[in-house]
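Below is one structure, written out as structure tokens; comments come after it.
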Amino acid sequence: MIRTTFIFLAGTALMSCTQDEPIARADFADATFIGAQSSSVAERRAHGARLADVLGCTSCHAENLQGEAFADDPDGEVIYAPNLTREIGKYSDAEFERLMRTGEHRWRENLFYMPSKSLQRLSDPDMAALAMYLRSLEPAGRNWPFPKDGEATERLVELGIFSTSNAKVDAFRDNVPPDFGPQFALGRYIASVTCAECHGADLSGVPNGAPGLQNMGAYDAQALELLLSKGINRHYETSGMMTLVARRELSALTDAERTAVIDYVMALSEDE
């Protein structure tokens, strides 16, 4: 989320042109994670805290959201996930939403690793709850440095090997998972926001990457429950990245949310 290129005056001019433009959205009707519609401010804030886990904020920005060393970039720099407890106060709600949904920063040319391609699908109530929670955190910890730009990174971006956060936003908006009706709306929405980050815009898989979820016919509901909650596959083995995501993020789903995802994935397999 923090790999940047500074564009100074040009960026300022661009920002003034783009910040007021409406954000194009994929339509997921009125689906939200369970708890987003609570009338209680405290409950909505707690909902935002849970979403910080489900959406992977705490996976990248550390459990306390104060940031940490996240990855190496092609130019040998360390990429630090920024300290959200300090960064959130620099954004209006509209600026925060634009960053989340478009991968476009106010004054940085490029962001990397921020999964805006799938986060753009987050409902308005869920987005508001997440922002509310982040704003409730006491600023703490250090500000992490930005890495320097380098020719290797720029070249890999040009070749399509290394993607910016906004590179696939349009493709994800225009290519959504199948809609099987209201009874599967919650599972479709959650899978579209979470699973799609790895399994592709419409959940049909990524070449040389995560498989399509329509190919999960070998899993019954019990096996999918184990996979989503603990990252254990049908052979009772851990499953690489899926294990990390399940234990760090998807384990924070409610039972009803997890069941909804399972029902939707099984419907995908039956539709194939």
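A few points about this structure:
- Test: residue in segment 112-126 that is in the same structural domain as Gly160 (by TED's automatic domain parsing), in a helix (DSSP H, G or I) and surrounded by fewer than 19 Cβ atoms within 10 Å (Cβ to Cβ): yes
- Flag if Gly141 is surrounded by fewer than 22 Cβ atoms within 10 Å (Cβ to Cβ), more than 20 Å from the chain's Cα centre (by Cα) and assigned by TED's automatic domain parsing to the domain that holds Phe28: yes
- Residue match in segment 190-201 (condition: among the charged types (D, E, K, R) and more than 19 Å from the chain's Cα centre (by Cα)): no
- Qualifying residue in segment 116-123 (condition: under 14 Å from Leu65 (Cβ atoms) and out of contact with any strand residue (DSSP E or B) (no Cβ under 7 Å at 6 or more places or on another chain)): no
- Hey, Glu225 among the acidic types (Asp, Glu) and under 28 Å from Gly103 (Cα atoms) or not: no
- The listed residue being part of a helix (DSSP H, G or I), small (Gly, Ala, Ser) and at pLDDT 95 or above, out of Ala201, Ala191: Ala191
- Extreme residue, surrounded by the fewest Cβ atoms within 10 Å (Cβ to Cβ), among residues of segment 252-272 that are touching a residue at least 60 places away in the same chain (Cβ under 8 Å) and within 12 Å of Leu227 (Cβ to Cβ): Ile262
- Annotation: Met132 fulfils all but one of (1) under 29 Å from Leu186 (Cα atoms); (2) in a loop (DSSP other than H, G, I, E, B); the unmet one is (2).
- Leu51 fulfils the conditions (1) touching a helix residue (DSSP H, G or I) at 6+ places or on another chain (Cβ under 8 Å); (2) more than 22 Å from Arg188 (Cβ to Cβ); (3) surrounded by 20 or more Cβ atoms within 10 Å (Cβ to Cβ) except for a single criterion, (2).
- Filtered by the rule that a residue be outside any loop (DSSP other than H, G, I, E, B), of a type in the set (A, V, I, L, M, F, W, C) and over 14 Å from Arg101 (Cβ atoms), segment 154-170 gives Leu156, Val157.
The values are calculated or read from the model by the stated rules, or taken from the named source; none is laboratory data. Small disclaimer: the values here were computed from a predicted structure and weren't measured. Glycine gets a Cβ as well: all are built from the backbone with ideal geometry, and neighbour counts include every protein chain shown.
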